[in-house]
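The values are calculated or read from the model by the stated rules, or taken from the named source; none is laboratory data. Nothing here was measured: the structure is a model prediction, and the numbers come from that model. Cβ placement follows ideal geometry from the backbone for every residue including glycine, while neighbour counts extend to all protein chains displayed. In case anyone asks, the SASA skips ligands and DNA or RNA and just uses the protein heavy atoms, side chains included. Shrake-Rupley method; radii C 1.70, N 1.55, O 1.52, S 1.80 Å.
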2 protein chains.
Amino acid sequence: MSDRYDDKRIYPQAPSIPARDQQHARMWGFRDSAFVVREGTIALESDRYSSGGHLLPDFPPFVERAVGVPFDAGDRHEPVAPVIDPPLSSKSLVAALVAALGEEGVSQESDVRLRHGHGHHLEEIYQVLFEKLGRVPDVVVFPRDDEQVRAVLNAAAEAGALVVPYGGGTCVSMALSCAEESRAIVSLDMAEMNRIEWIDPVERTACIQGGAVGRVIEEQLREHGFMLGHEPDSIEFSTMGGWVATAASGMKKNRYGNIEDVVLDVTVVTRSGVSEQTRIAPRSSHGFSLARLAIGSEGMLGVITRAVVKLHRLPEVQRYGSLVFPSWDKGLAFMEEISSWQSAPASVRLVDNMQFLFGRALKPSTTPAIVSAIQKLVVEKIHGIDVEKMVACTLVYEGDDDEQRDLERRITRAAKKQGGFGAGGSAGKDGYNLTFGIAYIRDFLLQYWTLGDSFETSVPWGKVNDVIAAVKESITSTHRSHGLAGHAFITARVSQVYATGCCIYFYIGFHYKGVADPMAVFRDIEHHARLAILDAGGALSHHHGIGKVRAPYLERVKSSEALRWAKEAQRAIDPDGIFASGNQGILPRS
Amino acid sequence: MSDRYDDKRIYPQAPSIPARDQQHARMWGFRDSAFVVREGTIALESDRYSSGGHLLPDFPPFVERAVGVPFDAGDRHEPVAPVIDPPLSSKSLVAALVAALGEEGVSQESDVRLRHGHGHHLEEIYQVLFEKLGRVPDVVVFPRDDEQVRAVLNAAAEAGALVVPYGGGTCVSMALSCAEESRAIVSLDMAEMNRIEWIDPVERTACIQGGAVGRVIEEQLREHGFMLGHEPDSIEFSTMGGWVATAASGMKKNRYGNIEDVVLDVTVVTRSGVSEQTRIAPRSSHGFSLARLAIGSEGMLGVITRAVVKLHRLPEVQRYGSLVFPSWDKGLAFMEEISSWQSAPASVRLVDNMQFLFGRALKPSTTPAIVSAIQKLVVEKIHGIDVEKMVACTLVYEGDDDEQRDLERRITRAAKKQGGFGAGGSAGKDGYNLTFGIAYIRDFLLQYWTLGDSFETSVPWGKVNDVIAAVKESITSTHRSHGLAGHAFITARVSQVYATGCCIYFYIGFHYKGVADPMAVFRDIEHHARLAILDAGGALSHHHGIGKVRAPYLERVKSSEALRWAKEAQRAIDPDGIFASGNQGILPRS
């Protein structure tokens, strides 16, 4: 079977996703990739990532430095068998679903229910590994088209059930969590609606189904000379529909925009019909836009079954770069300067010294020691930079060779103004790709008594250091107040830049052995850090969204009227409350 | 009185708008500026615009060429005294409004009611000048703050009246028209809420009231070293609130974005409260966004009383440029190429040959004939370009000197590839500013039996020529079918570019003397042109919006479910229907 063409549009065949591309049922990532203990140290078992297959001897010492407690490869916190509640008895609901989708479209298997009952917030993974998840979806369905989606919604409405749309399951806002739900729960998995329906090379648009996965979308588009350019950290697993629902942001947003810039239309299916534009234009002023309302709707407006997106031709060149600066403040000044330009590199990220060391700690043992030594010498002696203070910036350039060369020249000059210098393209590429490995690390270290998580915010340039200082102060102090061993790990990066500010992405961690209720401590630390961010002028979320975990803070960022109206608008479109899952505090009208 | 500062924010004083800046009550523009007949030809009386004060001897011959009928300066279609219906008797409503706002905040004067009863759609101006406007607002109010806005809404709701928010009155979608309204009508004029409430130089944001006027906003921001960069053609008169309500687009959108990229938050006031964010971030994922729903809401969501916007520092350089191409297709190829770059000049507009000649016809008699002759010679002999086929492009560069120089160099190279060459900065500046004069011309020529209007669409690159050809064919044929004198005038420009397409802006016109019902003919011509655009792949509107004039075509661009949901969402937020004015076909629940 091959792609179909007519006189204008391309109809790609359904993606054939290799069996090895299966996701892990309980933890982050592909089943074939994992950090493991080997030969007394840590190794990455994977042929997907750059350090895969190698021992990482610098990693355990880094963990000790990070959390102040030695990493003990022999002391594992053993995961338990997953515990979930049995499904609610809902025979007529299941029968109606089977009638609509066939047996193959409906599952009540425990593993399937487990996987659909959580996203990747730390607390969810902790429950999966060591405690119990409790309430999870009672039944999981896999509709194949809009009509089947509507049939599911009708069956759910008749049974008074909740429907939770499910894409890549990578959500970190607990939007998928159903712990408090007393109704029957239907997880509506978009996995069977994972196609690029068409590519229009004339209009330079594509219609992509809600369940299509980021990495597969880019692979398929590339075959036809196009790309989307939307690269969230979760691109390996997250989906078109999930991007819209969470108001996602991509690493290359300087060139291709965030999701609100990427989508031209969003199709939303509810019981009563299919809302979409029938004429898609490069830009339009067509009145009220339900597509705009779908951005950030977190599964509560309807089922996002497809989106029409802007395409870009594959760039003439793609180049990586990296820069080293003598201090965080110098690096930050560089970031702020280039953000005021008309265009910055497609991606530009600044990591602090701790995160730079983190990246170095993940180098395999095969890196000749001499190289590191020479690098250190160059940095210290030639450039006069203190390796204990230096920070690094990774860059991705995409576009016309000529245009990108001009940009690189200006970047070099701007870096020099701040005492920075170029550290090469391969370091840039490693830095850019590091993000894909980090998510595996969290779930690995969790089993060795080291708890870690990430959270992000968006901050005006003038308040970046205030926010970072407030977070460090808060976490250090809360960690101390709980009398924990070692110290808290806190590292920050600027992951996206805007003319008026940036996204700051934090990783935090601590050693939790001997702690009676590690999740309570974690919640307390995160709660105070969140308040510290809000007090210092940061957003509640830059791109992770609200879901359930950040809902209690919504009143800190919106007027009560804004919150009331969000509820009214949601209810107007979902009068039965079948999508009112508690995300953003929105529940069915009682 | 001077601007107030605290430790962080700047609180600019209320703008003092000069008395001479009064708008014309019936037609487009400032009262002190108008095209007039003088010495047997046309002159522009104004000291605001570049050709002001001069005779324009080339203009009458151009009109003849454009519509095929000689311009007769002695044959004026004399305007009549404006005719509007008397106000509905609504004593208790007016009394309630006066109680809330004071006498000075409420007006029932005929002139005021007249001005608030129309926008600038051709049909409205024709009615004002030659026929009757009929139903206009019964009372006009000028609230000073959110509380007064709510008081107006409460009074209106109790009286069962319609409320029409009013900004600059520049709307061309008949969104302000009340012809069919049987309820009492309150026009809510935002003129008293015209301040920049604050500028935050640290966060690089400003809070701007809904009634603040574009040109005044930029003047005030400039005093503090900042700019907004949003420059719709109507910037002299249109307002912050109006921009949001119509989903406005600016000429410099390549650099500063359209209105959806400019605003970080929108405050919407209804009877029940004030919806806004209390924490504004450079970018956020804070769930459902009523601010996003306000974009394109056309006065039907509530009253947009303020917006928080991104600011930019004043650019190091601003430079104009112009290019000449041997043909439309060459110019278009240039436009498409640069639109795929990471950044294009802040503004880049391509006018067809007819519009190029239009611009030349507006040159004052003081331009030495020898200059034109030399220019013509250069174009024809040196560059081998046919002046009857050539097209022109105006460019505006804003930003860092270094960055913009790189861009100019690449632009020159790209133009050369298409046989284009640079024609100087002053031609570019004239071309860019031409747009401000054209709106006056329409209302002037209307009084000399020449009817003209503009409309816009948004089109994928691959369909630009199809759409233009379809419009020309449609208009020529409809014009012919009505047996009109002369021929139809049709000219097109590409006014905004996107990676996937562009905005095409059309001017059309025809001679209407002796036509029994010129508006019926105009409607017929526009109707068929609109269908031709839709059939050929264009949008219903790029930035003018829907209002009442394009509402009948909405079902061509959205699914019926999308239209139903827009109604439901509107009603959820405006349950009393006080904003349901018929725009986008949305009326109160009957």
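Descriptive notes on the structure:
- Calculated mean residue ellipticity, 222 nm, the protein assembly as shown: -10500 deg cm²/dmol, from DSSP H runs (n ≥ 4) at -39500 (n - 2.57) each, averaged per residue and rounded to 500.
- The dipole here belongs to chain A: it is taken about the Cα centre, uses +1 on the Cβ of Lys and Arg and -1 on the Cβ of Asp and Glu, and is about 1060 debye.
- The Cα-based radius of gyration of the protein assembly as shown, divided by its Kirkwood radius, gives an Rg/Rh of 0.98.
- Think of the protein assembly as shown as a dipole: +1 on every Lys or Arg Cβ, -1 on every Asp or Glu Cβ, centred on the Cα centre; then among B:ASN465, B:LEU332, B:SER289, B:LEU332 lies furthest on the positive end.
- A versus B: buried accessible surface, summed, Å² (probe 1.4 Å, to nearest 100): 8000 Å²
- nm² value of the averaged projected area, convex hull over the Cα atoms of region B:513-590: 7.1 nm²
- Under the Debye formula (equal points on every Cα, no solvent term), log10 I(q)/I(0) of region A:307-422 at q = 0.09 Å⁻¹: -0.29
- Seen against the Cα atoms of chain B and their longest principal axis, helix B:91-101 is set at about 80 degrees.
- Scattering profile of region A:265-347 at q = 0.16, 0.23, 0.27 Å⁻¹ [log10 I(q)/I(0), Debye over alpha-carbon scatterers]: -0.82, -1.08, -1.34
- Placing +1 on each Lys and Arg Cβ and -1 on each Asp and Glu Cβ, with no other charges, gives the protein assembly as shown a dipole about its Cα centre of roughly 1060 debye.
- Leading residue at positive end of dipole, chain A (Cβ point charges), from A:VAL266, A:VAL164, A:ILE578: A:VAL266
- 7 Å along Cα→Cβ, label-point gaps from A:GLY514 to other copies, nm, shortest first: 10.3
- Computed from point charges on the beta carbon alone (+1 for Lys and Arg, -1 for Asp and Glu), the dipole magnitude for region B:180-255 about its Cα centre is near 300 Debye.
- Residue by residue, region A:269-276 carries 3J(HN,Hα) couplings of 10, 10, 4, 8, x, 10, 9, 6 Hz when phi is fed to the Karplus relation 6.51 cos²θ - 1.76 cosθ + 1.60 (θ = phi - 60°); x denotes Gly or Pro.
- Other-copy label distances relative to B:SER477, 7 angstrom Cα-Cβ extension, nm: 7.5
- Convex hull of region A:176-243 built on C-alpha atoms - directionally averaged projected area, nm²: 5.7 nm²
- Shape summary of region A:154-269, radius of gyration then Dmax from alpha carbon positions: 15.5, 50 Å.
- Inverse of mean 1/r across different Cα pairs in region B:416-518, Kirkwood, Å: 15.8 Å
- Dipole of the protein assembly as shown, positive end: most advanced residue of A:GLY241, A:VAL149, B:GLN418 [Cβ charges, Cα centre]: B:GLN418
- Across the copies of the chain, B:LEU587 has label points (7 Å from Cα along Cα→Cβ) spaced 4.0 nm apart, shortest distance listed first.
- Taking label points 7 Å from Cα along the Cα-to-Cβ direction, A:GLU64 and B:GLU147 give a separation of 6.6 nm.
- Relative contact order [Cα under 8 Å, 6+ residues apart], region B:459-535, whole percent: 38 percent
- Rel. contact order, % - alpha carbon contacts under 8 angstrom, at least six apart, chain A: 15 percent
- Stretch in chain B that is longest and holds no GluC sites (Glu not before Pro) that DSSP places in a loop and that have at most 11 other beta carbons within 10 Å: B:181-387
- Once the Cα atoms are used to define both axes, helix A:328-339 deviates from the longest principal axis of chain A by about 50 degrees.
- Straight-distance candidates among the lysines for linking to B:LYS558, with alpha-carbon spacing under 21 Å and chain neighbours fewer than 8 residues away dropped: A:LYS310, B:LYS463, B:LYS548, B:LYS567.
- Mean separation of Cα pairs under 8 Å and 6 or more residues apart, divided by the residue count, gives region B:230-300 a relative contact order of 33 percent.
- With N as its number of residues, region B:370-434 has a Cα radius of gyration that, divided by 2.2 N^0.38 Å, comes to 1.24.
- Number of partner chain Cβ atoms within 10 Å, mean per residue of B:563-571: 6
- Accessible surface of chain A [probe 1.4 Å, protein heavy atoms]: carbon and sulfur percent: 51 percent
- Ellipsoid fit via the Cα gyration tensor, chain B: semi-axes of 38, 30, 23 Å, each the root of five times an eigenvalue, largest first.
- Once both labels are positioned 7 Å from their Cα atoms along Cα-to-Cβ, the gap between A:ARG405 and B:ALA469 label points is 3.8 nm.
- Using alpha-carbon coordinates, inclination of helix A:425-445 to the longest axis of chain A, degrees: 60 degrees
- With the largest listed first and rounded to whole Å, the semi-axes of the equivalent ellipsoid of region A:122-208 from the Cα gyration tensor are 29, 19, 9.
- Computed over region A:150-192, Cα set: Rg, Dmax in Å: 11.0, 31
- Whole-number Å³ per residue for the convex hull built on Cα positions in region B:1-135: 201 Å³
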